[in-house]
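So the structure is just underneath, and the comments pick up after that.
What follows draws every value from the coordinates through simple rules; no lab data is involved. Small disclaimer: the values here were computed from a predicted structure and weren't measured. Counting neighbours? That spans all protein chains shown, and the Cβs are built from the backbone with ideal geometry, glycine included.
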Amino acid sequence: MITTLFTNPLQFFLGAISIVIAITVHEWAHAKTADYLGDPTPEMQGRLTLNPRAHLDLYGTLFLLIIGFGWGKPVQFDPFNLKNPRRDAALISVAGPVSNFILATAGSIILYFFTFVSVPVITTVSFIFLPSFIAMNLLLGVFNLLPVHPLDGFKIVGGILNKDQAHEWYKLERYGMLFLLMLIIPFGNQSMLESIIQPVLGFLYTFFIPAFL
């Protein structure tokens, strides 16, 4: 992504804004859900805010800007404060990706609206900013649903399985970073991660972003 800073500075700037919003809302959704389910940990750590400074990880954000892969500051929660720790952990985890899909849907509705109702300046700004905003939120939502620790999908699967199955599933947590690296490192022309999520994103783009943009 960093190459666009020199080839298309406006696109880079809008992409950076999209990243900040997507990560901030994603992590806030985790914190808000944990708080709703009875855990005060996120509030104690100052995570119940939409201030990006509370949710952005310096290195994770830089990696996103440079190579298109990164992370936000993980929201911590105490399972002992939850009524049903495994189920509630899954709900906390799924809240992040859901928030990104909601943002993408809202952006898409606005974008389609301005394809029929043209308002000078606002329409132009929408056509420039919203496709990047929608794409970033779809990417973050889909990526985090992968069932690999430390991504949200890992705990979501753990919440769906029965107790015995979940016990076996969580034994894989220690290998999460190894699996993630295997997904990210390119083999040939693309990584396993790209081959998995690109078809999904391409399918979603056809619905969320008008074809002429």
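Structure summary
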item: Relative exposure of T206, T49, judged by other C-beta atoms within 10 Å (fewest first); result: T206, T49
item: Relative contact order (%) - the stretch 113-213, alpha-carbon pairs under 8 angstrom, separation at least six; result: 24 percent
item: Spacing of the two label points (7 Å from each Cα toward its C-beta) at K163 and T123, in nm; result: 6.1 nm
item: In nm, spacing of pseudo-spin labels at T49 and M177 (7 Å Cα→C-beta vector); result: 2.9 nm
item: Distant-in-sequence amide H partners of S191 (H built 1.01 Å from N, under 5 Å); result: none
item: Under the span-like rule (Cα at least 20 Å along the axis, Kyte-Doolittle mean at least 1.6), DSSP H helices of the chain; result: 122-144
item: Residue-by-residue Karplus 3J(HN,Hα) for the stretch 166-175, coefficients 6.51, -1.76, 1.60, Hz, glycine and proline x; result: 5, 4, 5, 4, 6, 5, 7, 4, 5, 9
item: Förster radius 30 Å - calculated FRET efficiency between F63 and F187, Cβ distance, rounded to 0.05; result: 0.90
item: The chain, relative contact order in percent, only Cα pairs under 8 angstrom and at least six apart counted; result: 20 percent
item: Total charge dipole magnitude, the chain, about the Cα centre, Cβ charges on Lys, Arg, Asp, Glu only, Debye to nearest 20; result: 60 debye
item: Peptides ranked, highest mean first, by Cβ atoms within 10 Å: ranges 129-137, 52-60; result: 129-137, 52-60
item: Sorted by Cβ density within 10 Å, fewest first, the residues K32, K73; result: K73, K32
